[in-house]
Amino acid sequence: MATLSAIRRVVEEYLISVAPSTPEVGFLTLVPWSSQEKPANVLASCADCGELRLESIAQIVEQHEVVLIVSVYRTNKEKRRVVCLLDHLGAAHPDVAIFLVQLPDRLDPELTKAYLSKLMERYDELHSFGADGVLMELAGDPGGLQHRLSLEFQENAAIQLRVRAQISTLNQSVLSAIQLKGIEDEFRSLLWNAIPDVLMPGFAPLDERLLECGNRVGDFQLVRPYSDHQHVSLAVNGQHEYVVIKEYDKRSVTDAREVESIYQEFCFLTHTLDHPHIIRCVGMLHSQRSVQLVLQYGGDVCMEQVLLTQPGYRLSKDEALDCSAQIASALSYCHAQDVVHGQVSLKHVAVETSQNRHICRLVDFSMAAHVPNSSARETWCGSLPCVAPEAALNEPYLPKPADCWSLGVLLLETACGQGSLKLSVQWRRGEPIAYAARQVLEFFSHAGSHTEAMTNMGNPLDGVTLACLEAVLQPEPARRTSASDMVGMLSTGRTEQAISD
C-alpha cells in the first residue's frame, strides 16, 4: 500500500505545478501539507487532526466556483474520507462544481499495460462517489487541466438539457411540436453559441446572412466532391484559387465534445501546426445549417486513389520511401509538440504531383489530440488496415507509438502494394475490428512476418524497406522507432537507393 509520505509527495508535486497557474480553481486535499510553501488556492487537511476544517472549506468554496479534490485514491481510507467530504459539500454548498482529480502513484509513471489497468479500475470506482466529474491526471499540465475541465462543463451542460427534455417527456405523454422545437432550439443555441462564445475564442460566430445554397458557400464556388470523403468538396475562391471545404452539418452534431473536436481541428490547423506536409486551415464559416472549415488545397486525390492507378497497386521503391518520409516528417513535427494525429491512413494523405514528384500532406485532424508527455489515450480512432492494434482493442494506449504503427502500414501499402496487410493477415470482412487487431498482433509476433507481408503481392524483397517496416511494425509499442528516427531511416534509404541506381 502507498504510504502517507508517498501520497503527499505526489499530491504536492502536482498541486505546486498546476495550482498557481489555475487561480480560478480551488483545490482541496485530505493529505497534510509538508513544510514547503503551499499555493494560495490550495486547502490541505490539518497536520494535527488530519481533517479539513469546515470554516476553511467554506472560505475556499466562496472564493471559487470550481473545486477539485486531489489525491491518489489508492487506500480505502482516502476513499472513505472523500465520500464524506463530497456529502458535506453537496449539502452545504450545492451550487459549487466538484471534481475529483485522480493522480498516479507517482507523476510521469511508467505506463505499462498492467499499471494503466489498475489506474482505470480506480478511475471507474471514483465515478460512483457522486462528484460532478473525475479527471485522471498523469502529469502536472495546467493547460491540459483547463482543457479537460472545459470539456466536462460542456458535456454536463448538454446532459442537463437532455435530462430536462426527458423529464418533460415523462410528465407529458406527448410533447407538442412547438415544445419539441423549443427544446431543440435551446440545445442548439447552447452547442453552437453559448459554449463557443465562452470557451472557444476564434470559433466563427453565426452568420445568419451567409449564402449557402446549391453549389455556393459564401464567396466559394463548389466544384465537385473532393476525393471520396463525405462532406468534403473542392472549391474555388474569389481569386479563382483552389481550396477544400469540409462541412459539418449542425443537425447531425448532438454532443458538446463533437463541437470541441471541430474547434480543436480548426485550432490545430490554423494556429498550432505549420509544416509543409500538413494541410493548413485558412478559415471557418458558420451558417444556420452548418460549420465549414476552409482548407488549403493539397491535390486532387488521396494516396489510396493514387495506388489504384499504379502497376501492382504500389509506388516505386524511391517514391514510397519519399512519400513515407514526408508523412514521417509531419508526424515528427506533431509529436514534438505533443500532438497526435490518431488516424494516419492512405485516405488521410492528400497527394499533389509537382515536377514528377508526389507532394504528400497529412489531412483530417478531427481525431487529433494534445497528449502531453507519455500520457495514455482511451479514444478509439482509426480504421483498417492502418490502425494500430492496441488502439482498436478498447483499452488505454500510448498514442505516439500508435501513430508510428500507422506510418509503418502506410509504407507497407505504398511500397509493397495496397492490400498487403489484409492479404497477409486475412481478416474477414465484417468481423469486429478488435478481432482483426488481435490477428494482426499474432501475425507480427512471428519471425519472418515482415518479409512475408512485404512479398505477398509479388513485391521484391528490399533490405531498406524491410528494415523500416521492422522498426515500426512491432506488436510491443515500446519497441517501435519514433517518428523522428523514422525520418532519418527513410531519408537514408532514399539516398542509398539513389547511389545504387
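Just so it is clear, none of the values below were taken in a lab; they were calculated from the coordinates. This structure is a prediction, so every number in the text was calculated from the model and none was measured. So basically every Cβ, Gly included, is an ideal-geometry build from the backbone, and we count neighbours across all protein chains shown.
If r is the Cβ-Cβ distance from GLN310 to VAL198 and R0 is 41 Å, what FRET efficiency results, to the nearest 0.05? Don't skip to the answer; put the middle values down first.
Values: r = 50 Å, r/R0 = 1.22.
Result of the calculation: an efficiency of 0.25.
Give, in nm to one decimal, the length gained when the segment between ARG280 and ALA91 is fully stretched (0.36 nm per residue of separation minus the Cα-Cα distance). Could the numbers behind the result be given before it?
On the way: separation 189, 0.36 × 189 = 68.04 nm, distance 5.01 nm.
Length difference between fully extended and current span is 63.0 nm.
Can you list the HN-Hα couplings for region 94-104, worked out from phi with the Karplus curve (6.51, -1.76, 1.60; θ = phi - 60°), rounded to whole Hz and with x for Gly and Pro?
Taking θ as phi minus 60°, the curve returns x, 8, 7, 7, 10, 10, 8, 10, 9, 9, x Hz for region 94-104.
What is the gain in length, in nm to one decimal, between SER17 and GLU184 on full extension, counting 0.36 nm per residue of separation less the C-alpha to C-alpha distance? Kindly include the intermediate steps, with their values, before the conclusion.
Working: separation 167, 0.36 × 167 = 60.12 nm, distance 4.16 nm.
That pair, SER17 and GLU184, stretches by 56.0 nm at full extension.
Note down the Stokes-Einstein diffusion coefficient of region 229-314 in µm²/s, whole number, using a Kirkwood radius over alpha carbon pairs, 25 °C, and 0.890 mPa s. Before the final figure, lay out the partial values.
Values: Rh = 14.6 Å.
Answer, rounded: 168 µm²/s.
Just want to confirm a number: the relative contact order over the chain, from Cα pairs under 8 angstrom separated by 6+ residues, in percent. Each step should come with its number before you reach the end.
Values: 792 pairs, mean separation 48.8, N = 501.
Contact order relative to length: 10 percent.
Below 8 Å between Cα atoms, with a sequence gap of 6+, how large is the relative contact order for region 240-367 in percent?
On the way: 178 pairs, mean separation 37.9, N = 128.
The normalised contact order for region 240-367 reaches 30 percent.
Output the antiparallel fraction of DSSP beta bridges having both residues in region 235-378, as a percent to the nearest 5. Provide the component values of the computation, followed by the final result.
Details: 24 of 25 bridges.
The antiparallel fraction comes to roughly 95 percent.
Would region 18-106 count as rounded, prolate or oblate if I go by the C-alpha gyration tensor, calling it rounded below 1.5 in a/c and otherwise prolate when a/b exceeds b/c, oblate otherwise?
Numbers: a/c = 1.30, a/b = 1.08, b/c = 1.21.
Because its axes are fairly even, with a/c under 1.5, region 18-106 counts as rounded.
What are the residues whose amide H is under 5 Å from the amide H of HIS93, where those residues sit 5 or more places off or on another chain and H is modelled from the backbone?
It is none; the list stays empty.
Could you compute the longest span of the chain free of GluC sites (Glu not before Pro) located in DSSP loops and having at most 16 other Cβ atoms within 10 Å, not counting the site residues? Don't skip to the answer; put the middle values down first.
Working: sites that count: GLU24, GLU37, GLU51, GLU65, GLU110, GLU208, GLU241, GLU378.
Longest run free of exposed loop sites: 242-377.
Before rounding to the nearest 500, sum -39500 (n - 2.57) across all DSSP H runs of length at least 4 in the chain and divide by the residue total; then give [θ] at 222 nm in deg cm²/dmol. Before the final figure, lay out each step's value.
Numbers: 16 runs with 213 residues, N = 501.
Roughly -13500 deg cm²/dmol at 222 nm, from the helical runs in the chain.
In degrees between 0 and 90, to the nearest 10, how far off the longest principal axis of the chain does helix 317-336 point, with axes built from Cα atoms?
20
For the chain, go through all pairs of different Cα atoms, get the mean of 1/r, take its inverse, and jot down that Kirkwood value in Å.
Working: mean 1/r = 0.0393 Å⁻¹.
Mean inverse Cα-Cα distance, inverted, gives 25.4 Å.
Run the quick spin-label model on ARG216 and LEU461: label points 7 Å from Cα toward the beta carbon, then report their separation in nm to one decimal.
Using points 7 Å along Cα→Cβ, the separation is 6.3 nm.
So what's the net charge close to SER406: Lys and Arg +1, Asp and Glu -1, counting the other residues with Cβ under 12 Å from its Cβ? Walk me through the intermediate numbers first.
Working: positive: LYS347, LYS400, ARG480; negative: GLU390, ASP403, GLU413.
That works out to 0.
Quick one: if the Förster radius is 25 Å, what FRET efficiency do TRP380 and THR254 give, using the C-beta to C-beta distance and rounding to 0.05? Walk me through the numbers before you get to the answer.
Working: r = 18 Å, r/R0 = 0.74.
Calculated value: 0.85.
Near the amide H of MET284, under 5 Å away, which other amide H atoms are found, from residues 5 or more places off or on another chain, if H is placed in the peptide plane?
VAL294
With labels modelled as points extended 7 Å from the Cα through the Cβ direction, what inter-label distance (nm, one decimal) is found for GLN426 paired with GLN288?
About 5.8 nm, to one decimal.
Which residues in region 253-277 place their backbone N less than 20 Å from a point set 7 Å from the Cα of SER354 along the Cα-to-Cβ direction?
Those under the cut-off are 269-270, 273-277.
Restricting to lysines 8 or more places apart or on different chains, can you count the pairs in the chain with Cα atoms under 25 Å from each other?
15
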